[in-house]
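Report on the following structure.
The values are calculated or read from the model by the stated rules, or taken from the named source; none is laboratory data. What you see is a predicted model, and the numbers here were worked out from it, not measured in a lab. When we count neighbours, we look across all protein chains shown, and the Cβ atoms used for this are built from the backbone with ideal geometry, even at glycine. These accessible areas exclude ligands, DNA and RNA; they are computed on the full protein's heavy atoms, side chains included. Shrake-Rupley method; radii C 1.70, N 1.55, O 1.52, S 1.80 Å.
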Amino acid sequence: MSYQFILFDLDDTILDTKTNAQNALRKMSDMTNFSFDDGRIQYWHKINDYLWKQLEKKQISHQDLMDNRFQRYFNHYDKKVDSPALNDHYLQLFNYEHALMPEAYETLEQLNKKHRIFAASNGTRSKQYSQTAGAKIDVFFEKMYLSENIGVDKPDTKFFQFIEKDLHASPEQILMIGDSLSSDISGAMNSKIDSVWFNQYSKTNQTNFKPTYQISELSELFDIIE
């Protein structure tokens, strides 16, 4: 099908966020006097993912997430920390990490030749601008729609309505691509926008959120879009 506007989620769809977080955490070991080994990094992902899910459900604010996630994490290890200060330091390191998901650069490069591509992300403004620039993929996006700028987070339909209005587009002209069923796919579905679930690890969909398409590799997008 022919879509005029292609929206890409960034974290865990284009940016390899797990690897970028791992690299940043390991660089924090000296400051925290705490060794971030593999097990401790896995626990960080668990806590961090849980908090982002709470944000999607409007159970916490973005500021709550940023200010409290390190204390929530270190509570598990009975360690008292200055959570906002640690988070600021983490972001300084994290923002300069820019590993990409497999085939991400090549896919964006090829799609950009014929299609209008946009980012649609809940990630922080400083992080997304820095990481996409560091990975040299910022040039492929005509515009970046970030929840921090819009004022609402995916999956809120107001997020997608803002994009539709800004692009002067109707839902059937847009395709949303992302890894999160609860954020990208549900938001698109509730906005009557077609979606692609990037299911890299072939997980079973146990939700009521139904993507229009499903892929396990980004290069499969060409069969859908071209």
Those residues that are of a type in the set (D, E, K, R), part of a helix (DSSP H, G or I) and more than 26 Å from I6 (Cβ to Cβ), I need them from region 73-109; list them, please.
D88
Listed by range, helices (runs of 4 or more DSSP H) wholly within region 5-72 having at least 1 residues that are modelled with pLDDT of 95 or more and either of a type in the set (A, V, I, L, M) or within 30 Å of E172 (Cα to Cα) (or both) are 17-27, 38-56
Hey, could you check region 126-149 for residues that are among the acidic types (D, E) and open to solvent by 70 Å² or more (accessible area, probe 1.4 Å) and say which is nearest to the chain's Cα centre (by Cα)?
E148
Please go through region 12-31 and give me each residue that is of a type in the set (S, T, N, Q) and open to solvent by less than 10 Å² (accessible area, probe 1.4 Å), ordered by number.
T13, N20
Looking for something surrounded by 15 or more Cβ atoms within 10 Å (Cβ to Cβ), acidic (D, E) and under 21 Å from A21 (Cα atoms) - is there at least one such residue anywhere in region 156-176?
no
The residue that is most open to solvent (accessible area, probe 1.4 Å), considering only those in region 210-226 that are modelled with pLDDT of 95 or more and assigned to a loop (DSSP other than H, G, I, E, B), is K210
Given the conditions (1) of a type in the set (S, T, Y); (2) open to solvent by less than 40 Å² (accessible area, probe 1.4 Å); (3) under 16 Å from G123 (Cβ atoms), every one holds for S61 apart from (2)
Counting residues that are within 24 Å of K113 (Cα to Cα), which helices (runs of 4 or more DSSP H) fully inside region 132-209 reach at least 1?
157-167
Any residue in region 115-125 that is more than 23 Å from I215 (Cβ to Cβ), under 15 Å from the mean Cα position of the chain (by Cα) and not aliphatic (A, V, I, L, M)?
yes
When you scan region 80-106, how many residues do you find that are open to solvent by 60 Å² or more (accessible area, probe 1.4 Å) and either in contact (Cβ under 8 Å) with a residue 24 or more places away in the chain or on the phi > 0 side of the Ramachandran plot (or both)?
6
Residue under question is S183, and the condition is that it be among the hydroxyl-bearing types (S, T, Y) and touching a strand residue (DSSP E or B) at 6+ places or on another chain (Cβ under 6 Å); does it hold?
no
Six or more apart or on different chains, Cβ atoms under 9 Å: show the pairs whose first residue is in region 10-33 and within 22 Å of V81 (Cα to Cα) and whose second is acidic (D, E) and assigned to a helix (DSSP H, G or I).
Q22/D38
